[in-house]
Every structure is written in structure tokens, then in C-alpha cells.
1. Once you charge only the Cβ atoms, +1 for Lys and Arg and -1 for Asp and Glu, what is the size of the charge dipole of the chain about its Cα centre, to the nearest 20 debye?
2. Helix-only estimate, please: 222 nm mean residue ellipticity of the chain, summing -39500 (n - 2.57) across DSSP H runs of length 4 or more and dividing by its residues, to the nearest 500.
3. Viscosity 0.692 mPa s, temperature 37 °C: give me the Stokes-Einstein translational D for segment 190-402 in µm²/s, with Rh taken as the Kirkwood radius over C-alpha pairs.
4. Would you mind working out the magnitude of the charge dipole of segment 190-402 relative to its Cα centre, with +1 at each Lys and Arg C-beta and -1 at each Asp and Glu C-beta, to the nearest 20 Debye?
5. Do me a favour and compute the ellipsoid semi-axes for the chain from its Cα gyration tensor, root of five times each eigenvalue, largest one first, whole Å.
6. Find the all-direction average of the projected area of the Cα convex hull for segment 1-103, expressing the result in square nanometres with one decimal place.
7. Among DSSP beta bridges lying fully in the chain, give the percent that are antiparallel, nearest 5.
8. Taking R0 as 25 Å, what's the FRET efficiency between residue 369 and residue 250 from their Cβ-Cβ distance, rounded to 0.05?
Amino acid sequence: MSLTHKKVVLVVSGGIAAYKAAVIAGRLRKAGAEVKCIMTAHAAEFITPLTLREISGNPVALSMFDDVSEFRVEHIALAQWADIFVVAPATANIIGKIAGGIADDLATTAVMATTAPVLLAPAMNTNMFDNPIVQENLAKLRAHGYLIMDPDAGMLACGTCGTGRLPEPERIVEYIEHVTGRTELLKNLKVIVTAGGTREALDPVRYIGNHSSGRMGFAIAKSAAAAGANVTLVAAPTDLPTPCAVTRVDVTTTGEMKEAVDSLYDDCHIVIKAAAVADYRPEHKATQKIKKTGGDLTLHMVKNPDILYELGRRKAGQVLVGFAAETENVTAYGQAKLKKKNLDMLIANDVTAQGAGFKGSTNIATFLYPDGTTEPLEIMTKDELAKEIIARVARIYKEKTSQK
Ligand code: CTP
């Protein structure tokens, strides 16, 4: 991705992390963006406007009333110019002002006047960040479509350790690339993606699991977010980083995954179930570590609910997409699952085939549809396959909603 010709207004508010705005502006320019900075009066106490002017290559806007020699309504000009507004760092004060509809300086006035997406990167002391008023303000902004990054955790300037650090500049730039590069294929649709392999505990140290890496589901979540969807990724244990602009819910067992998906289902438009779900769990989880005895160990397993089957039964207009990881009779087993689970599309693959399977970065899939048609695909990366899936899902959603 690149930011060539993208116009970024970087709003710098007055916290110690304001000095990092110089790094952000520099990286944005390096990525090809045109950058104009607005500083609040307090920001100018932490870093000089001259620094940001030199690094951004543009004049820095400081006040509504700087230049009376020519007619130019600065806050409106910047608001209209921008492809994206980025408030970094966003202090508790500017968050409160934006959420409260206060526009008493150039920064807040320009944010209020823009119709471009506004991304906030909060940075403040942990207790300030955890303050319910700040959290309520962030929730309100989120509900109004403002994009909010999670601050990092670590050592803060005030000497305490906790959440509240400005996200690393590269993460902010990556988010800006995501927002300015996204399409409208699934704009504002609520999408649930499940990923990874669920685990069922035998005792406090052992579990029964599977080889799913979560890569396919994470690639789908990333691709859906890049298509403009509001994505919730319900993830079984994996080390993969959360894709940009995706809300992640971590789960371990099939029961937890079902609970998470069920709670979001009624209000969503699309569900893509890439997770490899444990079909059985041990009847009893031992409270203490199971000790070795002289003989063999017998486990009694009970059936887990089939999450996707239940969703299919309750379907009320959602697009439901399932996966079938098979080792033989791929198409026949896939078609049977598609029908049984009342799906709109199924992605079948032979996990034993060279270039497919759980661990690698490529996959070989066949798309199956309810009318019996099949669409075999070439070997491709999981990222490429995710894009193909999202394109089909968008088409199915469009067809479904136009029939209503
Ligand atoms: N699935 C689910 N809940 C389960 C099992 C599977 O939601 N308890 C979902 C998977 O996420 C996948 C699809 O159903 O999208 C098919 O999963 P798969 O394991 O291939 O099929 P099963 O229905 O479990 O059948 P089998 O294991 O016998 O092949």
C-alpha cells in the first residue's frame, strides 16, 4: 500500500507524545502523502511549529485568527482539502471537546467541519485513559463513526506503567493507509469472522486441539475491513497480530466461540466461519493435572454444538459462509455441509494437498454454491484467496438484498 497523493491533516494536541508527531509526519511524507499539520496552543508548548513545518513541508496552522491579510477560512479549507484527519496524539481534553461538540480553536473547528474520516490516536496517563468519562467519550465518538486506535501499553512519561502510550508511528501510518485505501464493497456492513482452532481442556495443563493457524480467517478479516466492513474477529488461540481496524474477541473453547458469535449474530449482515471448531470436548475437565498411572487413559468425549448449523437454522437474511477442510471427497462432503448448514457459500479444500492446508501461506480452494455450482480456484496465497472470498460475499449480499 502507499499513500501517494493522499492528503492528510495531522492534528497535534498537547501531550508529551506531541513530539512523536514529527516522526508520523515524516513517515507519511515518505509514504507519498501530502501532510498539513494543525497544532493546538498546548501542542506548541511541547514541539515547535517550525519542526512540523520543516518535516511536513507545509505551513503549520495554529490559530483561527493568524492571517487577516487575505480572505481564507483556514478551518474550512483544511476540512475540505483532507482525505483523512488524524488526531495524534489525542489527549483526553481534545477527545472530550470533540465528543462534546466544542469547537473553540482551529483544531477542534476543523475536525468538526470535515466530512473526511477522522482517526484518533489517544495518548495519556493510564488513569486518565481508564476514566469512565474518557471511555464514554470514546464510545460516543466510535458510535458516530470516528475511528479510534487502541493506545499501546508500556512505560509512560509520567513514570507509571500501563495503557496510554501513543501507538507506534508505523502503526498509525499503517492505519491511515488502511483507511485511505479501503473500498466500499462492504461499506458499513457488520461482518463476523471466526478464525483459528478451538481448544478443549483436559486438565489445567493439557488440551485437545487442531493444527489450524488462524491465518485464513485473519486474512479474511483484513480483507473485509479493507472493503469497508465493520469486522469482529472471533479468534481462537493464535499468535497472529490483529489486522488493522478489526475488533478482536479472543476465545478458547467451542462454547466460548458460540457465545461470542451468538451475541453478535442478530445484528450482523455476514458471517464467515473459517475457524476449525472442536466437535467434541472431554466430559469432565480435571481440576488438577492428570497423573500417569500404570495403565492406559480413557477419555469420554461429549459433543459440542455445531455453531454454524445453529446459525443456519436461525438465519434471517444474513449471508452465511462456511469452510470445509477435508481429506477426501472434498466436493461431495462440501455440498452436503452447505446444504445441511443452510449456507450461501462454502469454501472447500483438501488439507492434505500440496500448497493447501492449515500451516502454510497458500491454499487451494473450491467455492461451492447452493444451486450446486462449483468454482475451483488455482493455488494462491491466503491473502489473495481472502480477497476472492470477499468479492463473492459482496456479490451474494448484493443479490440477496436486491431480492427483498
Ligand atoms: N463448524 C462450527 N461448529 C462446529 C463444527 C464446525 O461452526 N462444531 C463450522 C466450521 O467453522 C466450518 C464448517 O462448520 O465453517 C465446517 O466445519 P468442518 O469441521 O469441516 O465440518 P463438521 O461439520 O465439523 O463435519 P466433520 O468434522 O464431520 O467433517
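Read the figures in this text as sums done on the coordinates, not as results from a lab. Not measured: the values here are computed from a predicted model. FYI the Cβ positions are ideal-geometry reconstructions off the backbone, even for glycines, and counts take in every protein chain you see.
1. Here the size comes out at about 800 debye.
2. It comes out at -10000 deg cm²/dmol, rounded to the nearest 500.
3. D, rounded to a whole number, is 185 µm²/s.
4. Charge dipole, segment 190-402, about its Cα centre: 300 debye, nearest 20.
5. Three semi-axes, in Å: 45, 25, 18.
6. That works out to 6.8 nm².
7. In the chain, approximately 30 percent of DSSP beta bridges are antiparallel ones.
8. 0.20
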